[in-house]
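In what follows, a single structure is set out as structure tokens and then discussed.
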Amino acid sequence: MSATTTPAPSEASTSRHRAEGDPLDLEAVDAIELWVGNALQAAHFYRTGWGFELVGYAGPETGVRDSCSYLLEQGKLRLVVTASLREGTEIARHVARHGDGVRDLSLRVADAAGTFEAAVRRGAVPVRAPWEESDGCGVIRRATIAAYGETVHTFVERRQYGGVHAPGYEPRATVPDPLPPVGALDFDHSVANVELNRMDFWVGFYEKVLGFSLVQGFTDEDISTEYSALMSKVVSDGVGRIKFPINEPAPGKKKSQVDEYLDFYGGPGVQHIAIATGDIVASVAALETRGIEFMRVPATYYEELRERLADLELDVDALERHGILADRDDEGYLLQIFSRMNQDRPTVFFELIERRGSRGFGNGNFKALFLALEREQARRGNL
Ligand code: FE2
């Protein structure tokens, strides 16, 4: 498959006018791309373990010379895992420094060049100027800005593209999956870990550059244990489809989970991706069958939960059996669970979340979760 790269016409970049302060026209998270050491094996993990379907491939067989990528889908969620085939590439250097990690949280837009130019005008650091690629399936326009650490946001305009993901990719049919389906529906949120005293900078970046607003904040009072603490603020686009909580470590007696992440990731980056499900008990049961392991909270959590949520018709026994957490706020409640790490380094993991009215992030669970994370951290000798 051949792909042509041409600069996007400047017409597109000036066809939209947005007033300063207006949110950009971000439609959704397009895909989450991880740069990994071995894409074949990572794809197998996300497919067999997490229940994604393999739908596309790009590599030497499709005309891509020095990397290979697998496109995985589940519900509306799209993951791309990409590995370098040679040393000395940007991907190889990224993996050597960070291990497997999220490189690109790409955002679907109506006008990639226009969004890019508006973002840069508002202070975004450009990574790649608008470019256009086409093949027999149409044309795709993209442009990339920098976010925290080496994480980037690529704006993706794919309305005129009907192929699988992008030029260079070919459809790849998955083998039949005999394991129970996970039932993941969509992206819910993605959490960044940044350095001490940098959280407000990045909150400001999303507010100023992407027109997000601050929706929630936790202080170290909310999220602290005897030993360590973290601070967290949540930014969201205007309609709440794209939610990015941002954590920073707070000073404590010992190293916090955010410090451990920053140490092993070699700087700021994506800590976890939360995936929405309509039936978390069924999803977790399926994932357990598939060999995925989760963080566990102590049994006392459920004693307390039975009192805290006594008026809700929850099957607390089922939640306890699977280690699922619950929290409520004025708008409703949510159920959530956090996986163990997705790779060797204590960096990236997944969350599953079932929302029943609540638009929060499990404020009431932070402490229980934090203690569970600390126990794991202590086992690694990093507390
Ligand atoms: Fe989360």
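The values are calculated or read from the model by the stated rules, or taken from the named source; none is laboratory data. Values in this document were obtained by computation on a predicted structure and should not be read as measured data. Here Cβ is always computed from backbone atoms with ideal geometry, including for glycine, and neighbour counts include all displayed protein chains. Just the protein is used for accessible areas: all its heavy atoms, side chains included, with ligands, DNA and RNA removed. Shrake-Rupley method; radii C 1.70, N 1.55, O 1.52, S 1.80 Å.
Values for this structure:
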read-out: Relative packing of peptides 372-382, 307-317, 332-342, 147-157 - highest average C-beta neighbours within 10 Å first; value: 147-157, 332-342, 372-382, 307-317
read-out: Value of D in µm² per second that Stokes-Einstein yields for the chain, Kirkwood Rh from Cα pairs, at 37 °C (0.692 mPa s); value: 152
read-out: Positive-end residue, the chain charge dipole about Cα centroid, Cβ charges, pick of Asn193, Ala110, Gly138; value: Gly138
read-out: Point-to-point label distance, Leu40-Gln160, nm (Cα→Cβ direction, 7 Å offset); value: 3.8
read-out: Sulfur and carbon atoms: percent of accessible area, the range 247-383 [1.4 Å]; value: 48
read-out: Kirkwood-based shape ratio for the range 21-178, expressed as Rg/Rh from alpha carbons; value: 0.96
read-out: Cut-off 20 Å, label 7 Å out along Cα→Cβ of Arg359, residues of the range 319-335 by amide N; value: 327-335
read-out: DSSP beta bridges in the range 184-380 [antiparallel fraction, %, rounded to 5]; value: 80
read-out: Loop-located GluC sites (Glu not before Pro) in the range 257-296 whose Cβ has at most 15 other Cβ within 10 Å (DSSP); value: Glu293
read-out: Given charges at beta-carbon only (K, R positive; D, E negative), |dipole| of the range 297-383 in Debye; value: 520
read-out: Tensor-based shape of the range 109-200 (alpha-carbon gyration tensor, a/c under 1.5 rounded, otherwise prolate or oblate); value: oblate
read-out: Chain lengthening between Ala110 and Asp177 when straightened (0.36 nm per residue, less Cα-Cα); value: 20.6 nm
read-out: Spin-label model distance (nm) - Arg121 vs Thr289, 7 Å beyond Cα toward Cβ; value: 5.3
read-out: Sites Asp315 and Asp200 - FRET efficiency at Förster radius 30 Å, r taken between beta-carbons, to 0.05; value: 0.15
read-out: Projected label distance in nm at Glu27 and Asp186, using a 7 Å step from Cα toward the beta-carbon; value: 1.4
read-out: Amide proton proximity set for Val127, modelled H, under 5 Å, gap of 5+; value: Thr144, Ile145, Ala146
read-out: Amide hydrogen neighbours beyond the local backbone of Gly269, cut-off 5 Å, H modeled; value: Asn193
read-out: Partners for Lys243 among lysines (Cα-Cα distance below 26 Å; same-chain residues under 8 apart left out); value: Lys76, Lys208, Lys233, Lys367
read-out: Exposure ranking of Thr48, Thr300, Thr89, Thr82 by accessible area [1.4 Å probe, largest first]; value: Thr300, Thr48, Thr89, Thr82
